[in-house]
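Presented below is the structure to which this report refers.
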Amino acid sequence: MRKYLVLLILAALTGLLVLPVSAQEALPDWIEHSACEVDLTGSTIPIIHFGDISGSFAFITQPLLVGFADAIDYFNARGGICGATMIQDNRDTGGDLSQTQAAYDDYSSREPKPSMMVLYASADAELLREQLIEDGIPALISAGSVEGLYGEDGQSPGWIYAANPLYVDQFGNFCEYIGANAEQFPAPVVGYISWPGAFGEAAFTPEAIAYCAAQGVTVLPENESFLPISTDITTQVQNLVDQGATILYTNTLASGPVAVARAVVDLGLEDTVQIAGVNWTLDTSVGLLSRTVIGADGLPAVDGLIGSMPFRWWTERDQPGIQLITEVADSKEPPLEPQNRNIAYLLGWSIVDLYVEIYTQTANRVGGLDAIDGAAVNETLSNFSYSPLGLYDLNFADGVRDAVTNRIAIMRFANADMSGVATSGSDALTLPLADGTTAFLPIVVPVTEFEETPDLRPGGADVP
Amino acid sequence: MSANIRPSGVFDTSYGQDISINRTRGDKWLSNGLLIALLLVPLLTAEGPLGISLVPQLWIGLIIRIAIFAIAVQGLNILIGYTGQISLGHAAFMAVGAYTSAILARELGMSFWLALPLSALFTGGVGLIFGLPSLRVKGFYLAMATLAAQFIIPWILRYPLEGITGGSRPLEVPAPSLFGLSFAHENAMFYIIIPLAVIMALAARNIARTRVGRAFVSVRDNDLAAELLGINVFSYKLQAFFLSALYAGVAGCLLAFESNSLSLDKFLLDRSIEMLAMLVIGGAGFPLGPLFGVAFVNLLTQNIIPSIIPSVKGVLPSLFPFLNPINVDAALSPLLFGLALMVFLIIAPRGLAHRWEILKISWKLRPYSH
Amino acid sequence: MASLVKQNQKIITPLLWIIGLIVLVALFAPAIAEQRPARLVQSGITGLLVGGVYSLIALGIVIINKASGVFNFAHGWMMLFGGFMFYSFFSVANISPFAAGGLALLTVLLAVTMVGALRALRDGRTLLVAAAAVVGVTLLLLVPIPMLRGVVGAICGGALIGLAVERFAIRPLIGQPLFAMVLMTLAASELLQGITQMIWGSVELPLAVFSPLREMGIPTPFRFEGTGAFEGTIIVRTELLAAFILALLSFAAFVAFFRFTSVGLAMRATAENQKLAQAVGLRVRVILGVAWAIAAVLAAVAGILQGGATSLSLNLPLLALRAFPAVLLGGLESVPGALVGGLVIGLVQEYANLLFPGTQAGTELAPYVLLMIVLVIRPDGLFGQKRIERI
């Protein structure tokens, strides 16, 4: 027994000795972080994230955590933040606002006070907005509710910075696209069908409706809602279609767009009704979930779904950031599962890259980690312009708190030799899955370039 | 039962002594001392006026939350613990209180001090309406009738009243102020919430000792017998619903003004069920039950379990290699909470306050415990 | 006057009902008349199909309430657990023999020791039967027919969870306040959530249980183009129809079991009066265990059907919440009540969605308003037992 113990200790010691010796790899040179003017070696910077890991929408959070972990490993192995190592510190709130509050209290009262944190949902942002300002802690988020980022009047930028455009701006951007393609969408009437709640109803505002009208797009005044557990939403979809809707816009994710698509396909309306949605609808989860919902052309019902895609996507292999992430995902043991190769995993990576850049800039300015506090980070962020791994562009100058560029894209499925998109079920690529079903490979085809979104906050510049 | 037990040698010599809550001088010093100590807590935090961080700032938020929910659960205790009427709609009543006060403050510019009692009374009235089925409906059926409140009230707030409640969007609530003094900081809110919680708790304690309280208990124990004794069962049931909703209204109002932001997501069914759990854990029908239950559940879910998770997280996947570490991370908080609750229910099915009473009696009677 | 009312009670009560119905119809008639007939038919079909699963969920809750007198809040998580068990054995190509054996062993062990501790295992014959059962179930779980494997796995998993909850959570609380028992089912649901998430994670999984239907050439969905007055498309979703039929079959199977087998009869006797049942020599503990196991298996069936019609996700347990009004509407102790309650709630939900567009009245409001009204008129639900109270 003792012999093994001695051996074990010896092995551990050798491990410890060998580790620091192993040569540190360098970052690829296309990642243009600010040059380090201070050396932070030996210190740690926590990436604090609290969100709904076990609640209703957990399936979109888990890849985010995997993304954090992989990206942190990657960057730490390549110098971290000027030598400082990042550590992941996350807590589960189960989608319960009182747990969010408790987690926030816990983190915000730590010594030293966190200088930045990562939030999860629109509702969390709305809850914590004032408190973050009061406590002087900036936060990153990937949710675009006006109230969370800009307050009730839409004009008071807080300390929360979003990596995606406001949901209402995305809706406006979508109307712009529809209005500009009148030959494809003659006399467009949009029916808004979504989940109830802060996230689901975020884009259905008077400003957005007015803006859409100005683009020649009618939005039905009555929106329909359904729950994530709704078995069948035929009635809701028919209500909208009966009122003349030719486009159904949904601000949901994962099972939400699939439910809408299922009802449309079941009703045989695929050719007359266009499904569209927020940036989360163009996600792997939607493509994979719809594999049991097949339309008349043999492709999943969500084929042709139009949505916002304010990020670079997995299929854009010529982009170095996507290349890098794909390489890491492929080289994992086992390789990253298909359901984890979604938008949240990419966001996890981009947020870690943002951390590196934000802290480098801040440390350079204040000259050391100890001097970095929330106010210092906020100062960096409030005039921050960066493109994390080239996945999307941020420019937080002049009180902007969200990503202001967006593009419209279509969800398609790959054809058999992966040379393009499938036109029907017969030429589509299908991967046999362990559960006996076949999965189609969802790909996202951008149809517009990145362009600035309209500003549709209450009192925003583009509100007609 | 326990109320009449005093240490040997202590006798009541007047009626006043007999009905006093603090029966001995020791009790009195203890309870007053505890209250004063509690009120001193915010002064000792880093953000307090003295600037000494003897007490972590975290405690203030924790104590405030416990106090607010203790008020709400106190109301539930009147309804369930004393009167025996189950309610699954308590969070909805809190929503009524919160939204009424917020709207009074926002739309009519009413001050917090006026909005608080008005919203409490209004909530009481709403409670009366949903108490009406208790005339005929009992037990689980009543629980489900109150569950209807849990769905109908938020629906009304969300859709027909969207114009003033903002529907699904959050509502900003102004901070209370008094003579130009703003209570925006949580250390300041502490001095509104804690005294109010103490007053509400004392009121509940005293209601239980009055004629009304005794009538409640008789309705709980056997409503038919109570009716035969000449107690107007329906009237007392409604009174219990009114009082219970009133407490919920106060708690909801405090919650709205404490966090300055209001959204319907804070008052979902989970919250109602959680409050029921808090009451049962603390001990239904005991004056101290709500406090114990709220404190226990809050500490468990917000402090104890999160502090255990990191250590368990590393161990479990190595014990069971088929588990995915990411899944373990997410699963631990419901798992541990469920486990703790189960163990606890098996050990103390009548609640913490029941244990506490037993402990207190054996302490007072020491060394002769018989 | 009072005596006049009393004498004619038999006439007055139905009269009041009829008046109420007329008022109700008059209230909704304009809204209904505005709708196209095809839509009315469509909502009726959807409502019935959705209601079938509600009935099955309600039945599980009713069974447990009859047996243990507890309203089971953990039913939703039992559904999801059963659904995931089915998924594992149905979809995963290679089942590890250890997992299969372990599941079989645990289930049989819990079933055999239902009566009392490990005493049963000292008996040689019981031990032999138990061992045979373990081997048999393990082999069944390893048969390479996914559907069979899945069904056996789900039944095993359901029975295991039902027995375990009864044994470790409910039994220790016999004789304690009812609140504690109800809370215990809530605690069990938290625990089940943790276990489910730990094993399967938080991913959403489409369950391909109904996809063979499409391969068989059955159209998905059945689509009818109405003509004349019924102008419009009417669809019957094939998965929902299959789920509905299977739900009704499970319902019928349970009713037959309850009526015609000796265990079923014993369960009925126990439900009537536990102490009397014990006095005539029925093993109440076994019967309680069986009731929980059956309820959990029914939950698993509901989970599989719902998972097949939509997908398996952590939202699924919330569906049980939707079935609560169905339970109460029918009556806590009534098996036919569960059926009627489920279907009525399904219909009410869909018609409310149709008549009040854009208000979410169907899912959030209508079932509960109906429940309130029914409870005030009939405090014990439509088919519930009238309580006779004595002092």
Query raised in the report: Normalised by the number of residues in chain C, what is the relative contact order in percent for Cα pairs under 8 Å and 6+ residues apart?
Result: 31
Requested in this report: Taking the dipole about the Cα centre of the stretch B:1-114, with the C-beta of Lys and Arg at +1 and of Asp and Glu at -1, give me whichever of B:ILE21, B:TYR82, B:ALA105 is farthest to the positive side.
Outcome: B:ILE21
Query raised in the report: For chain C, what % of the accessible area comes from carbon and sulfur atoms, probe 1.4 Å?
Result: 72
Report summary line: Interface residues of the stretch A:407-441, defined as losing at least 10 Å² of accessible area versus the chain alone with a 1.4 Å probe, are A:ALA434, A:ASP435, A:THR437
Query raised in the report: Among the helices of chain B (complete DSSP H runs), which have Cα atoms covering no less than 24 Å along the helix axis and a Kyte-Doolittle mean of at least 1.0?
Result: B:58-76, B:112-131, B:139-158, B:186-209, B:233-259, B:325-347
Query raised in the report: What FRET efficiency, computed as 1/(1 + (r/R0)^6) with R0 = 51 Å and r the Cβ-Cβ distance, is obtained for B:ASN232 and C:VAL135, rounded to the nearest 0.05?
Result: 0.15
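So if I take the alpha carbon set of chain A, get Rg, then get Rh from the Kirkwood formula, what is the Rg over Rh ratio?
That ratio equals 0.99.
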**Report entry** chain A: angle of helix A:255-266 to the longest principal axis, Cα-based, in degrees nearest 10
**Finding:** 20
Query raised in the report: List the aspartates and glutamates whose alpha-carbon lies under 14 Å from that of B:LYS313, not counting same-chain residues fewer than 8 positions away?
Result: A:ASP89, A:ASP92, B:ASP329
Query raised in the report: Direction-averaged shadow area of the convex hull around the Cα atoms of the protein assembly as shown, nm²?
Result: 54.6
Requested in this report: Calculate the spin-label point distance for B:ARG355 paired with C:MET216, positioning each point 7 Å from the Cα along the beta-carbon direction, and give it in nanometres.
Outcome: 5.6
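Starting from the exponent 0.38 and prefactor 2.2 Å, build the expected Rg for the stretch B:182-286 from its residue count and divide its actual Cα Rg by it. Each step should come with its number before you reach the end.
Numbers: Rg = 16.9 Å, N = 105, 2.2 N^0.38 = 12.9 Å.
Working it through for the stretch B:182-286, the quotient is 1.31.
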**Report entry** Exposed trypsin sites (Lys or Arg not before Pro) absent - longest run of chain C, DSSP non-H/G/I/E/B, at most 13 other C-beta within 10 Å
**Finding:** C:1-385
Requested in this report: Any lysines with Cα under 28 Å of the B:LYS360 Cα? List them, leaving off those in the same chain fewer than 8 positions away.
Outcome: B:LYS28
**Report entry** Angle in degrees between helix A:58-76 and the longest Cα principal axis of chain A, rounded to the nearest 10
**Finding:** 40
Report summary line: With R₀ set to 60 angstrom, the calculated FRET efficiency between the beta-carbons of A:ASN364 and A:ALA182, to the nearest 0.05, is 0.75
Query - Cα-based Rg of the stretch C:25-92 normalised by 2.2 N^0.38 Å, two decimals - result: 1.70
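Note the direction-averaged projected area, equal to a quarter of the hull surface, for the Cα convex hull of the stretch C:272-371, in nm². Let's see the in-between values first.
Details: hull surface 31.7 nm².
Over all viewing directions, the stretch C:272-371 projects a mean Cα-hull area of 7.9 nm².
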Query - Rel. contact order, % - alpha carbon contacts under 8 angstrom, at least six apart, the stretch A:180-277 - result: 35
**Report entry** Approximate spin-label separation C:LEU21-A:THR448, in nm, with each point projected 7 Å along Cα-to-Cβ
**Finding:** 5.6
Query raised in the report: So how far apart, in nm, are the two label points at B:SER14 and C:ALA93 if each is 7 Å from Cα heading toward Cβ?
Result: 8.9
Report summary line: Cysteines of the protein assembly as shown without any disulfide-compatible partner (other Cys Cβ under 4.7 Å) are B:CYS253, C:CYS156
Query raised in the report: Applying the Karplus parametrisation 6.51 cos²θ - 1.76 cosθ + 1.60 with θ = phi - 60° to the phi angles of the stretch C:145-153, what ³J(HN,Hα) value in whole Hz is obtained for each residue in order, glycine and proline being reported as x?
Result: 10, x, 5, 4, 4, x, 5, 4, x
Query raised in the report: Which whole-Hz ³J(HN,Hα) couplings does the stretch C:303-316 yield from phi under the Karplus relation 6.51 cos²θ - 1.76 cosθ + 1.60, θ = phi - 60°, glycine and proline marked x?
Result: x, 5, 5, 5, x, x, 6, 10, 7, 8, 8, 5, 7, 3
**Report entry** Check: the stretch B:59-285 dipole with +1 on Lys, Arg Cβ and -1 on Asp, Glu Cβ, in debye
**Finding:** 460
Query raised in the report: In deg cm²/dmol, rounded to 500, what helix-only [θ] at 222 nm does the protein assembly as shown give when every DSSP H run of at least 4 residues adds -39500 (n - 2.57) and the total is split over its residues?
Result: -18500 deg cm²/dmol
Report summary line: The answer for A:ASN90, listing residues at least 5 apart or on another chain whose modeled amide H is closer than 5 Å to its amide H, is A:HIS49
Requested in this report: Would you mind pulling out the separation of the Cα centroids of the stretch C:285-332 and the stretch C:126-165, in Å?
Outcome: 20
Requested in this report: Please list the non-local residues whose amide H lies under 5 Å from the amide H of A:ARG457, H modeled 1.01 Å from N, same-chain partners needing a gap of 5 or more.
Outcome: none
Report summary line: With the dipole of the stretch C:242-345 defined by +1 on each Lys or Arg Cβ and -1 on each Asp or Glu Cβ, the option from C:ALA295, C:VAL255, C:ALA266 whose Cα lies farthest towards the positive pole is C:ALA266
Requested in this report: Specify the inter-centroid distance of the stretch A:63-142 and the stretch C:192-255, based on alpha-carbon positions, in whole Å.
Outcome: 41
Report task. Could you let me know the centre-to-centre spacing of the stretch B:261-276 and the stretch A:393-458, using Cα atoms, in angstrom? Result -> 36
Report task. Could you state the accessible area per residue of the protein assembly as shown in Å², with a 1.4 Å probe and every protein chain left in place? Result -> 40
Report summary line: Measuring from its Cα centre, chain C shows a charge dipole (+1 at each Lys and Arg Cβ, -1 at each Asp and Glu Cβ) which, in debye to the nearest 20, is 1200
Query raised in the report: For C:LYS66, which lysines qualify as cross-link partners when the Cα separation must be under 19 Å and same-chain residues fewer than eight apart are set aside?
Result: B:LYS138, C:LYS275, C:LYS386
Requested in this report: Return the sequence-ordered ³J(HN,Hα) values of the stretch C:269-278 in whole Hz as given by the Karplus equation 6.51 cos²θ - 1.76 cosθ + 1.60 applied to θ = phi - 60°, using x for Gly and Pro.
Outcome: 4, 5, 5, 5, 7, 4, 5, 4, 4, 5
Report task. Answer with one residue from C:LEU80, C:PHE168, C:ILE218: the one whose Cα lies farthest towards the positive end of the charge dipole of chain C, charges on Cβ with Lys, Arg +1 and Asp, Glu -1. Result -> C:PHE168
Query raised in the report: What number, in percent, do you get for the relative contact order of chain A if the mean sequence gap of Cα pairs under 8 Å and at least 6 apart is divided by its residue count?
Result: 17
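The values are calculated or read from the model by the stated rules, or taken from the named source; none is laboratory data. Note that the structure is predicted; figures quoted are calculated from it, not measured. Cβ coordinates were reconstructed from backbone atoms using ideal geometry, including for glycine residues, and neighbour counts include every protein chain displayed. Heavy atoms of the whole protein, side chains included, go into the accessibility calculation; ligands, DNA and RNA do not. Shrake-Rupley method; radii C 1.70, N 1.55, O 1.52, S 1.80 Å.
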